[in-house]
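The next block holds one structure in the form of structure tokens; read it before the comments.
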Amino acid sequence: DVALNNSIRESQSIDDSFQMGKSILVAPNHLNDFKSTLSRQIKSNSEERTNSKSQRLGITSRRSSCDFERSQKRRQDGQDLFRSTLSSIGVTNDAINNQVAQLSGSWRRHKTGLRHVNQFMKDNNILPSELISMKHPQIYILNMIAQLRNAGLSSSALLNVKKAISSLLMSLGHSSSQIYNHTTSTSVKVDRRDTAKEAKDKDTYDIDDLLCYIRRRVEQIDDMEEEELEGITLALLMSITTRRMAEISRAALEVATMTSEQFVLKSDIQKVGGSKVTLTIKRAKDQSICPVRWFSKWWEKQQPRSQNGQILWWNLSRNKPASADTCSKLTKQIIKAAGLPYRERITELRAAAITKMIDLGYPMSAINAWSIHSDTVRTLQKYYYRSNCSEIIDQLLNTSE
């Protein structure tokens with residue numbers, strides 16, 4: 001009895017993060033079979049993650065605390081340079097914090113780049129105040145890139161340094177034409193080439209496999225696990241809108257628009273030149289894979305936690321709003337269940353949807369507008385999606401099964 005109790009306690013103490021290891025297998029005929037299969041998969045994935053975690057901890061433990069502290073100190077040097085130089089020209093602490101917040105996930109890379117700038121300044125006895133008064137900032141950038149290259153910095157690190165110092169110099173009032181020009185661009189031309197992604201013509205998902213899987217699972221829509229329901233809803237929305245998962249994960253629902261015919265999501269594109277985006281999702285002809293039907297079912301679960309539509313996705317294992325990473329993991333479980341290569345990037349789902357519409361012969365102008373993918377049709381995109389995308393989505397959801 002004691003051994004049994006110990007075993008139960010151990011199983012209950014598994015980290016909540018292991019719950020994300022749930023894999024939803026191809027739909028069984030009965031719900032009980034599904035739950036049994038799911039339970040076995042949770043145990044298997046938990047063991048794999050335990051081993052993986054141990055390996056990571058083993059690698060981390062070999063890194064001395066001295067190295068870690070030195071790395072932290074260098075990043076802090078970059079942050080201090082950013083704050084002190086902006087403060088010296090009258091920027092308030094609140095304004096600086098706002099700048100950091102706008103950099104969001106790129107701030108870590110930004111201050112890493114600035115710490116190389118800080119080291120270059122120390123090596124050459126350059127004071128922060130000199131950054132403000134210099135007449136030729138482009139020459140400063142050229143000299144810094146050359147010295148850091150000779151010091152052995154990688155191409156990606158050099159590009160990060162150039163971006164960080166360029167942003168700082170512009171914040172200090174220097175003209176963008178002095179900083180972003182042919183001369184400064186040429187200084188990292190080789191580095192851009194070396195770090196550029198290779199353009200490959202490769203196979204992507206067959207979106208029909210995913211849609212057929214969702215069609216089979218609709219029979220259990222009223223009884224399925226919440227994580228599967230959430231994952232299917234996310235996968236469908238990503239497929240029909242071709243939006244990035246980050247944009248879907250932070251989307252908000254206009255609650256007043258929620259009907260049996262449609263609903264409206266508000267999100268934003270945070271890349272440079274981005275903007276607000278409104279997604280009007282309409283009822284599809286095929287009710288088994290209709291995004292309105294699946295979202296409505298998920299909304300029944302999420303509404304009490306949603307803060308009037310502001311929080312659409314939920315991390316059930318941690319009982320808090322789901323991050324973009326959590327949403328990606330949930331979607332990948334559905335992709336895996338459908339028999340697709342789930343180890344590919346989640347953005348392959350967008351590529352699969354667009355590829356299908358190209359194969360069906362839709363004109364690129366219509367596809368670009370639907371997918372919000374091309375600057376050349378930006379004006380068209382503002383109006384085309386809401387009024388003309390229904391036919392494209394119906395054709396996308398049409399499968400041979």
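With the full set of protein chains in place, find how many percent of the accessible area of region 66-195 is carbon and sulfur; take the probe as 1.4 Å.
Heavy-atom surface of region 66-195 belonging to carbon and sulfur, 1.4 Å probe: 49 percent.
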Would you mind checking which residues have amide H under 5 Å from Trp313's amide H? H placed 1.01 Å from N; only 5 or more apart, or other chain. Ala322
For region 232-302 versus region 89-165, the gap between their alpha-carbon centres in whole angstrom: 40 Å
What accessible area, in Å² to the nearest ten, does a 1.4 Å probe give for Lys301? 80 Å²
Counting heavy atoms of the protein chains only and a 1.4 Å probe, report the per residue accessible area for region 66-195 as a whole number of Å². 56 Å²
Computed ³J(HN,Hα) along region 286-293: with the Karplus parameters 6.51/-1.76/1.60, θ = phi - 60°, integer Hz and x for glycine or proline, the list is 7, 5, 5, 10, 6, x, 5, 5
For region 207-397, how big is the tail of P(r) above 29 Å, as a whole percent of Cα pairs? 15 percent
Restricting things to Cα coordinates, could you compute the convex hull volume per residue of region 66-195 in Å³? 116 Å³
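The values are calculated or read from the model by the stated rules, or taken from the named source; none is laboratory data. Predicted, not measured: the structure shown is a model, and the values here were computed from it. The accessibility values were calculated without ligands, DNA or RNA, using every heavy atom of the protein model including side chains. Shrake-Rupley method; radii C 1.70, N 1.55, O 1.52, S 1.80 Å.
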